Amino acid sequence: MLFADGDWIESKDQAVDGIRLIQTGNVGFGVYLDKPQNAKYISETTFHRLNCLEVCDGDILVSRLPEPAGRACLLPQSAERRITAVDCTVIRTDESVIDRNYLLQFLCSDQYLKTVNSFLAGGTRQRISRKNLEGIGVPYPSIDQQKYYGSFLGKVDARISNAEHWLNCLSKLRCYMLQQLFI
């Protein structure tokens, strides 16, 4: 299992293209937010000079900064090489011990987020330290139960997302029809 902070990348370390820098803004609540228009990169040379950690498909990224601190997502498949910023923690599970989808569901739970909130510290920019994040206990049943719950709740999330999409489409259709009707 890997539990590590991302890399300290300053503006001077960034490049026009190369290895993608995943930032806290890409970590949504249970979902990865790709923002290609805001993408940042580092060169291969910088990657080696700074001894960066490459993040992989299926890694869990946890933002240690609000809103909310502790939010997490699974890194989707990509042909791009990627690293992540220092305010993200990378979790790479041993799938024989803990199912990543189950862990992601736990990282989206109210219980977990309340615990994270209790550890926030810092003057102007509150965050949870990696050490405190690592100390949060994760209840885990048998691997078979984890896979079941992770899969089931993932399907529920997909249905919620689909319903939200259709509600958004219907709302736009309603607005359009009202505009056409009352012009």
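The values are calculated or read from the model by the stated rules, or taken from the named source; none is laboratory data. Everything numeric here is computed off the predicted structure, so don't read it as measured data. Using ideal geometry, Cβ is built from the backbone for each residue, glycine included, and neighbour counts are taken over all protein chains shown.
Identify the residue in region 41-67 that is buried (at least 17 other Cβ atoms within 10 Å of the Cβ) and out of contact with any helix residue (DSSP H, G or I) (no Cβ under 9 Å at 6 or more places or on another chain) and, among all such residues, is farthest from Ile98 (Cα to Cα).
Taking the candidates together, the pick is Tyr41.
Can you say whether Arg159 is more than 30 Å from Val97 (Cβ to Cβ) and out of contact with any Ser or Thr (no Cβ under 8 Å at 6 or more places or on another chain), as far as the supplied structure shows?
The answer is no for Arg159.
Is it the case, given these coordinates, that Arg127 is in contact (Cβ under 8 Å) with a residue 40 or more places away in the chain and under 28 Å from Thr46 (Cα atoms)?
Taking the combined requirement at face value, the residue satisfies it.
In region 153-161, is there at least one residue being assigned by TED's automatic domain parsing to the domain that holds Asp59, touching a helix residue (DSSP H, G or I) at 6+ places or on another chain (Cβ under 8 Å), closer than 23 Å to Gly70 by Cβ and not charged (D, E, K, R)?
no
Give the residues of region 1-20 that are part of a strand (DSSP E or B) and farther than 27 Å from Gln105 by Cβ, sorted by residue number.
Asp7, Gln14, Ala15, Ile19
Okay, residues lined up against (1) more than 30 Å from Glu44 (Cβ to Cβ); (2) outside the structural domain of Gly135 (by TED's automatic domain parsing); (3) part of a helix (DSSP H, G or I):
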{"residue": "Glu80", "(1), (2), (3)": "no, no, no"}
{"residue": "Thr84", "(1), (2), (3)": "no, no, no"}
{"residue": "Val90", "(1), (2), (3)": "no, no, no"}
{"residue": "Ser96", "(1), (2), (3)": "yes, no, no"}
{"residue": "Leu103", "(1), (2), (3)": "yes, no, yes"}
{"residue": "Cys108", "(1), (2), (3)": "yes, no, no"}
{"residue": "Tyr112", "(1), (2), (3)": "yes, no, yes"}
{"residue": "Val116", "(1), (2), (3)": "yes, no, yes"}
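For region 118-144, name all the residues that are assigned to a helix (DSSP H, G or I), farther than 22 Å from Gly6 by Cβ and at pLDDT below 95.
Ser118
So which residues in region 6-37 are surrounded by 15 or more Cβ atoms within 10 Å (Cβ to Cβ), within 12 Å of Leu61 (Cα to Cα) and either hydrophobic (A, V, I, L, M, F, W, C) or not assigned by TED's automatic domain parsing to the domain that holds Glu54 (or both)?
Residues satisfying the conditions are Ile22, Val27, Phe29, Val31.
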